[in-house]
Amino acid sequence: MENHLNQNDVQEIEEDDLICAVQAGDLAAFEQLIHLHSSRVRAFVSMRLPVSHLVDEIAHEAFVFAYRHMDDFTVGSNFGAWLRAIANNLVRAEVLRYSRSVKNQQNYLEHCLVESSQDQGLKPESPMVLYLEECLGDLPEGQRELLQRRYKLSESTRDMAQGMDQSEAWVRTTLCRVRRALRACVEHKQEVSTVARG
Amino acid sequence: MEDENTERLDAFLARELPQGDVVALEAQIRADDSLREAFIEQSRMDAALSSLMQEQQGVQAFAEGVMASVQARPERSLAKSVLSEILDEREASLRGHQPKRFDWWVWSKTAAIAAVAAAVTVWILQSVQMDSGQEGRAAPTPKFLARLSAGDGAVWGEDSLQAREDGWLGAGRLDLRSGLAEVTFGSGARVMLEGPAVFDLEQMNRGFLKRGRLTAEVPLPASGFVINTPLMNVIDIGTRFGLTVKNSGVSEVHVMQGLVEVSRTRGRAVPIVLREGLAVLADRRPQSRLKPIVYAGHDYVLPEQEASILATSDYLHYGFDEVGGAEIDDTGLGMAGGPFDISLLSESESGDVVRASPKRTAGVVGRALAFDKGQRLKVNSPDLLAGGTRPWSMALWIKIQAKTSEDGEQAMISWGKEEAIWKLGWNKAVGAGVEGALRADFGSGHVVAATDLRDGRWHHVAIVFIGDEGYGASAVGNSARDLVDVSTHVRLYVDGRLEALSGARSNTVLSVEGGSSVDASQFYLGGAAGFEGWLDEFYLLEGAAPSSAVLELYELALP
């Protein structure tokens, strides 16, 4: 009987090879691991602590920490989950550090985002980012285009409106609705998964 | 109303909401729980989508940043192998060999080691990605690691490392026969040596005390400062310790302030953390442990209080704090030919006098200038910058948005012409080092730091050109005058901390003695074509400022 590997299996095999190579001292292999995982780790950190300058800093430190402790990682286990666990610890430490500084509390909006991360239930073992990717894939073409323009092409709202022959108000409200719908979709997938696990 | 709020939220997330409306939105969010919840949820999804859908270029820049850190901050968990590496390097250098190098990354060995319990940042200066600028040339190594900053009756041995006239020291051995000598490392760590003492300068943040006594005082940006002895490795995590090494190599450390990590170099090498008021001794017995001894920190001579750089150096300064008018005052002191006031009125290409934005805006202290593409300010330049290899230092606060136009200017300051142009700015070139990091160019050569500055926040940056003023035939390990190279004679600092280099390309800086000089009748704030970002609290100082001075200028603007 033939065995067929799906894309995830191929990635895991490739990933295991890369991890072994890093553990053997191959630095270039670590760079490939960063390419494989950086977007998801940053997305995970973003969902935990959506402050842009902290997202990059924490994701950066998570990879540096992972590199330094690569020998502690068991090849074959879930590298992405390990990275998320590291990032999660760094988020907790950062929130603690942040909340100790009176100066930081002067920026109310940022303060709100940091505070909210304390009572947020996102666990590192939860594949929320994967769910989000799936939800993105299910979006209608028009909504995907809107997101591509905003997040991939970094277009201004005015350019987006002109490019899509819509008003700026339409762009803004639609983007908010799409983000709200994505959140609902992710939460739904999580509920289904929880029910399925019994 | 709901739609209005929705639109405002999106405008805020897209960074398109005017400042006045941000204040209004903040007030509404404070008062309205459901709006606050919507703000948080929208922010989460917005940040996650930004991360997931980022272009390959952004992923590459992130990977480069991580790789620069990984290589600049070696693995700490393998303490023993790191220490072995230090010893291997020392042995290799004694045998006249260079340490083993990787293919395209050049490592100098461990200068500083990171944290035990607290988050202590560590760096070494020389993980440098070399551009293939000059064939056959070795990767740049800084010519100067430290500066002889003070001394009281110091008598040096004949073979002792000699300092440049202005005190700069390269790598090598200091043989202090008697008296006191204070050495300030590139990282900002200061060491007071009590003669007789033999002390090796090894890296910007590392030394080796063969015998004698010293006191080390380490400011926060230099945390991770390492002193090794024949029997002991001492890593400063806090601020001050005293160290004594007897002729037999027996070593003792006394922690006066903060935390210090100590381990033996052989036998039981498990590190321990000592806090203030504690002392230990490492003896020669191979299986011996570190032994607690009576604390005697008060017996050590402390480094002198440093004088302010603004009291000891001539300088030019723009605070940009004028409330109105077309003039920006030079509020500096003592710079020959000054004051160098700037006019906000300048000539357009057609020759008409126009008001040349940059615009005044809120700064780190008081006001700042916001530059947009095509905007720059011409400054009548002090002779200092025309001096070819004459040392100078610049420090300023900058703010750069995460997104700038693709064809925008990377230099925020420039002067010179043709092959002899200095440009100080940030790195846009893929492959030259970390994108968005502080960068200094002279002609075809450059150095690039390791911290991406494009985050929409204020950062203090400093560029120190060590140059060659007073560099004599008897100086640091050379029988003849060394070439001054942009890749080895420039130091970059961000937020008070000496930066690791993520890229460098060699190019000799023209010297006046060589028959040419840099054309510096003017220099430009905003670069040649107009920097996109904010500038504040600009200082140009005579001479190569030590790390402590850079830290001082950084801290001046802190609350």
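Taken together, the values in this text are just the output of simple stated rules run on the coordinates, not laboratory data. Computed from a predicted model, the values in this text were never measured in an experiment. Quick reminder, even Gly has a Cβ in these numbers, built from the backbone with ideal geometry, and neighbours come from all protein chains shown.
Give the long-range amide H neighbours of B:GLY363: residues separated by 5 or more places, or on another chain, with amide H under 5 Å away, using H modelled in the peptide plane at 1.01 Å from N.
Those qualifying (amide H under 5 Å, at least 5 residues apart or on another chain) are B:ALA368.
Treating only the Cβ of Lys, Arg, Asp and Glu as charged (+1, +1, -1, -1), what charge dipole size does region B:386-437 show about its Cα centre? Round to the nearest 20 debye. If you can, show how the numbers build up before the last one.
Details: 6 positive and 6 negative charges, 49 e Å.
I would put it at about 240 debye.
What is the Rg over Rh value, at two decimals, for region A:9-121, using alpha-carbon atoms and the Kirkwood definition of Rh? Numbers along the way, then the final one.
Details: Rg = 15.7 Å, Rh = 14.9 Å.
With Rh from the inverse mean 1/r over Cα pairs, Rg/Rh is 1.05.
Would you work out the charge dipole size for region B:146-299 about its Cα centre, treating the Cβ of every Lys and Arg as +1 and the Cβ of every Asp and Glu as -1, and quote it to the nearest 20 debye?
The calculated dipole for region B:146-299 is roughly 780 debye.
Going down the list A:LYS189/B:LYS403; B:LYS143/B:LYS423; A:LYS123/B:LYS399, which pairs span over 28 Å between their C-alpha atoms?
A:LYS189/B:LYS403; A:LYS123/B:LYS399
So, counting K/R as plus one and D/E as minus one, what does the shell of residues with Cβ under 11 Å around B:PRO339 add up to?
-4
Once phi is turned into ³J(HN,Hα) by the Karplus curve 6.51 cos²θ - 1.76 cosθ + 1.60 with θ = phi - 60°, what whole-Hz value does each residue of region B:538-545 show in order, with x for glycine and proline?
Once rounded to whole Hz, the list reads 8, 10, 10, 10, 5, x, 8, 5.
Amide H to amide H, which residues 5 or more places from B:ALA171 or on other chains are under 5 Å from it, using H placed in the peptide plane?
For B:ALA171, whose amide H was placed from the backbone, the distant partners under 5 Å are B:LEU145.
Can you tally the net charge around B:LEU492? Count Lys and Arg as +1, Asp and Glu as -1, for every other residue whose Cβ sits under 9 Å from the Cβ of B:LEU492. Let's see the in-between values first.
Numbers: positive: B:ARG439, B:ARG491; negative: B:GLU499.
Neighbourhood net charge equals +1.
Quick one: Karplus J couplings for region B:330-335, per residue in order, coefficients 6.51, -1.76, 1.60, θ = phi - 60°, nearest Hz, x for Gly and Pro?
Karplus values, whole Hz, x for Gly and Pro: 7, 9, x, 9, x, 5.
What share of all Cα pairs of region B:146-299, in percent, falls into each consecutive 10 Å distance bin?
Reading the bins upward from 0: 13, 44, 34, 9, 0.
Under the 0.36 nm per residue contour assumption, what length would be gained going from the current alpha-carbon distance of B:SER178 and B:ALA557 to full extension?
Length gained between B:SER178 and B:ALA557: 132.4 nm.
What net charge is computed for the residues neighbouring B:LEU193, neighbours being all others with C-beta under 14 Å from the C-beta of B:LEU193, Lys and Arg scored +1, Asp and Glu -1? Numbers along the way, then the final one.
Values: positive: B:ARG147, B:ARG173, B:ARG177, B:ARG190, B:LYS210, B:ARG211, B:ARG213; negative: B:ASP152, B:ASP175, B:GLU182, B:GLU194, B:ASP200, B:GLU217, B:GLU304.
So the environment of B:LEU193 carries a net charge of 0.
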